Amino acid sequence: MADDLTSFRRIVERHQGGIFALVRGLGLDGHTCEDVVQEAFLSAHRHADDFDPRRGTYRAWLYGIARNAALNVLRKKRPVPLADPPERGEASRPEEPVDFHRLDAALLTLSLEQRAAFVLAEIHGLTHAEVAAIEGVAVGTVKSRTARAREKLRGVLRVASKETT
């Protein structure tokens with residue numbers, strides 16, 4: 001039992017930052033993210049015997065649990081801004097200023113499917129195959145969703161940039 005808890009603690013330490021960022025990236029606020037992340041890890045622990053390495057990586061399985069928990073909450077409540085502005089004193093790179101309000105607005109223009117695929121693949125660096133396993137869709141569908149998301153984000157951010165100049 002102690003070995004199981006030690007192993008599980010290592011899993012949590014290794015993945016909690018990425019899982020939190022995924023849930024936050026899907027549009028949940030900080031406290032709700034914490035609750036969803038905790039529930040996702042508890043669910044993974046309770047259902048550890050359900051993991052099948054033939055169906056994908058452990059990371060993809062864990063992210064899938066977190067994604068599903070977040071989507072359940074999102075169905076019940078309205079999304080909040082996705083990106084947090086840097087803390088005071090944190091310098092942003094002057095050559096690439098980031099307008100977090102515009103970024104939030106742009107991400108919220110995506111369908112939930114596009115946003116999930118984009119956040120998982122482009123922000124968290126999961127492979128298309130891992131995202132496909134999480135989403136329960138074909139790899140080609142993931143590629144289409146991320147490409148459409150990129151295209152839409154470029155357009156939305158380009159228009160928003162012209163409106164502010």
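The values are calculated or read from the model by the stated rules, or taken from the named source; none is laboratory data. Remember, predicted model here, so these are calculated numbers, not experimental data. Here the Cβ is made from the backbone with ideal geometry for all residues, glycine too, and neighbour counts use every protein chain on show.
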> Within the range 49-59, is even one residue buried (at least 20 other Cβ atoms within 10 Å of the Cβ), out of contact with any strand residue (DSSP E or B) (no Cβ under 8 Å at 6 or more places or on another chain) and in a helix (DSSP H, G or I)?
Replying inline: no
>> Under 7 Å between Cβ atoms, which residue pairs at least 6 apart in sequence (or on different chains) link something in the range 1-14 that is surrounded by fewer than 10 Cβ atoms within 10 Å (Cβ to Cβ) with a partner that is at pLDDT 75 or above?
In response: none
